[in-house]
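Inspection log for the structure reproduced underneath, given as structure tokens.
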Amino acid sequence: MTRKLNEEDRAAVDLVLDRFATVGREDGMISTLSQPAGEQRVQSVEQILTVLAQMPAAEPDDDLVGRTLRMIEQTPADNARQIPPYLGPDQLPA
């Protein structure tokens with residue numbers, strides 16, 4: 001079953017994520033919400049994000065680097081995308 005967020009849910013998510021985004025900003029500005037978010041919905045969003053933050057991050061497979069390098073080596077040169085040489089931070093295009 002797929003659940004969709006209604007406008008109040010979306011406003012609550014925006015409000016919570018805007019709080020996270022503005023914590024380190026000097027101006028402390030947040031965007032204006034078109035729809036007000038109820039406090040109960042904001043608390044629900046915060047609870048869900050707290051649970052997600054506690055979930056362990058999946059570790060990549062031990063052979064990921066080896067498989068990636070083999071895939072690169074097996075790619076025919078004519079199909080390979082040309083990667084320009086690294087120019088350095090002072091030579092980035094405008």
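Residue separation of Asp61 and Glu7 scaled by 0.36 nm, minus their Cα-Cα distance, works out to 15.5 nm of gained length. Could you work out the local net charge near Asn6, counting Lys and Arg as +1, Asp and Glu as -1, over the other residues with Cβ closer than 14 Å to its Cβ? Local charge sum for Asn6: 0.
Every read-out reported here was derived from the displayed coordinates using simple, explicitly stated rules and does not represent laboratory data. Remember, it's a predicted structure, so these values are computed and weren't measured experimentally. Cβ: placed from backbone, ideal geometry, glycine included. Neighbour counts: every protein chain shown.
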